[in-house]
Amino acid sequence: MIWPALATTSAAALAAWAVRSPRSSLLGPVVWQGPQTKRQIALTFDDGPSESTPALLDLLDSHAAKATFFVCGANVRRLPGVAREIAARGHELANHTMTHQPLYLKSHAAIQREVVDAQSEIAGVTGAPPKLFRPPFGCRWPGLAGVLRQADLRLVMWSAIGCDWRLPASGVAARLQAAARPGAIFCLHDGRELTLQPEIAATIGAVRVIMPRLGQDGFRFPTVSEFICPTPSSNVLSR
Ligand SMILES: [Zn+2]
């Protein structure tokens, strides 16, 4: 019979979309863009801090740009000085789990441990608990929304991803340039999961290319918390 097979295929596609799509709110509230009323773009960097993060911080300073760093607790434990430097330069630190394990198929207790351990590691090193969370590989799972609610964390995804783990700087810059618009949230990486001394030349090269262009176009670069509207009735939230 074709009909049950089609229904099964559709259910699987819907489940995959719910778990993986940056804009899916089926598994809980998600922020994937900011207000479209101002010429602002939020730059976000995942998987740090790493030994390569300070070079990125210098580059951002040279453009008076602020960014949001979704850090792994294990990397913060390894490089606490870099984590503190991110905060000291006015950027935002956010939670990207403790060990960057994918959350799918994980138990509620395991998801909670990943989130809570990272939260206390980051708060212990920087003095402030994060307000935002992004799951590894962008994958959500049932139970995550409740854990985030308990930890007072908002889930933040993106409107455009640079694919900087596989593209050269020119390719990353082209993707971001094409996606530049008021309210965009760009996802890049200043680390590679828990890898020591990760290679992020493509990321830094792309940021170096796009920042002057976007600056000439009148864009400013706040942190995500500065960027998103705090009123729940805003169209920033997709519930
Ligand atoms: Zn990641």
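Taken together, the values in this text are just the output of simple stated rules run on the coordinates, not laboratory data. All values derive from a computational prediction rather than experimental measurement. When we count neighbours, we look across all protein chains shown, and the Cβ atoms used for this are built from the backbone with ideal geometry, even at glycine.
Show me the trypsin sites (Lys or Arg not before Pro) within the range 166-199 that DSSP assigns to loop and that have at most 11 other Cβ atoms within 10 Å of their Cβ.
Working: sites: Arg166, Arg175, Arg192; in loops: Arg166, Arg192.
Answer by residue number: Arg166.
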Of Gly127, Pro80, Phe221, which is farthest along the charge dipole of the chain in the positive direction, counting Lys and Arg as +1 and Asp and Glu as -1 at C-beta? Phe221
Histogram of C-alpha separations across the chain, 10 Å bin width, %: 8, 33, 37, 18, 4, 1, 0
Does the range 28-112 come out rounded, prolate or oblate, given a ≥ b ≥ c as the square roots of the eigenvalues of its C-alpha gyration tensor, rounded meaning a/c under 1.5 and, failing that, prolate meaning a/b above b/c? oblate
State, as an integer percentage, the relative contact order of the chain based on alpha-carbon contacts under 8 Å between residues 6 or more apart. 32
Peptides ranked, highest mean first, by Cβ atoms within 10 Å: ranges 53-64, 179-190: 179-190, 53-64
Calculate the dipole size of the chain relative to its Cα centre from +1 charges on Lys and Arg beta carbons and -1 charges on Asp and Glu beta carbons; express the result in debye to the nearest 20. 640
